[in-house]
Amino acid sequence: MGQSTARYKAIIDSREQKRTNREHIREDTMPATILHADLDAFYASVEQLLNPDLRGKPIAVGGGVVLAASYEAKAFGVHGGMSGRKARELCPQIIFTGGNFAEYQRLGDAAIAVLHDFTPAVERISIDEAFADVAGCTHLFGSPEAIAATIRRRVREELGLPISVGVAGTKQLAKIASQVAKPDGLVHVAPGTEMDFFARPAGRAHVGRRSGHRTQA
């Protein structure tokens, strides 16, 4: 290789390294402005809201098949999709309810409306969960984490329901963070801490199913 060719290669390598460094800087400083909000054990939580006698008790929505289970029932291993017979074997004291689907829709809509009070960039993906990009409203409502905390407080105070929120730089990571936050919590994965988050047992456990900190209400 001639000297001119070697110098040219060195220049190209240097430029490539600078470009790579700039990309790493952009990734590390990318603001975590994506929220994933997910109502906790939604159907079961609504049933406990409508009937205070069910609060603190293991309940399941459904009959022959469990559509949803309260966290009290989940503690016995009951989960959605399980047969009612198996649920009763695991938790003999479980209480089954028939479901109030009109109320589920009404309260799900009301929870999503809270997100719209902060940003129009809301993507609803089911009756009880949605993404929200708050990049354009932090100058009005504070940091993404502060917005998430306010959303949780309002849903609890206005609707009487628990909701978990994950805050991160991407939708996928925000969704994982909200699952780690459950039940009734908030997890913020700050820029540059993604690998630390996944190194933690809770983060690793949720990667296959589909630095942060947790705030438990």
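The values are calculated or read from the model by the stated rules, or taken from the named source; none is laboratory data. All figures in this text were calculated on a predicted structure; none of them were measured in a lab. Glycine also receives a Cβ, built like all others from the backbone with ideal geometry; neighbour counts cover every protein chain displayed.
Matching residues to (1) of a type in the set (Gly, Ala, Ser); (2) at positive phi; (3) crowded, with 19+ Cβ neighbours inside 10 Å; (4) at pLDDT 95 or above:
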{"residue": "Ser70", "(1), (2), (3), (4)": "yes, no, yes, yes"}
{"residue": "Lys86", "(1), (2), (3), (4)": "no, no, no, yes"}
{"residue": "Gln105", "(1), (2), (3), (4)": "no, no, no, yes"}
{"residue": "Ala132", "(1), (2), (3), (4)": "yes, no, yes, yes"}
{"residue": "Ala146", "(1), (2), (3), (4)": "yes, no, no, yes"}
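Mind telling me which of the residues Ile11, Ile112, Ile59 ends up being at pLDDT below 95 and of a type in the set (Val, Ile, Thr)?
Every option except Ile11 fails the conditions.
For residues in the range 94-140 being of a type in the set (Phe, Trp, Tyr) and over 20 Å from the mean Cα position of the chain (by Cα), which is nearest to Arg153 (Cα to Cα)?
Here the answer is Phe101.
If you go through the range 185-214 and keep only what is touching a strand residue (DSSP E or B) at 6+ places or on another chain (Cβ under 6 Å) and either crowded, with 19+ Cβ neighbours inside 10 Å or modelled with pLDDT of 95 or more (or both), you end up with Gly185, Leu186, Val187, His188, Val189, Phe197, Gly212. Of all residues in the range 150-171, those that are outside the structural domain of Leu50 (by TED's automatic domain parsing) have Cβ atoms under 7 Å from Cβ atoms of residues that are acidic (Asp, Glu), 6 or more apart or on another chain, in Pro162/Asp40; Pro162/Asp184; Ile163/Asp38; Ile163/Asp40; Ser164/Asp38; Ser164/Asp40; Ser164/Asp184; Val167/Glu145.
Scanning the range 91-101 for residues that are part of a loop (DSSP other than H, G, I, E, B) and under 12 Å from Pro58 (Cβ atoms) yields Cys91, Pro92, Gln93, Ile94.
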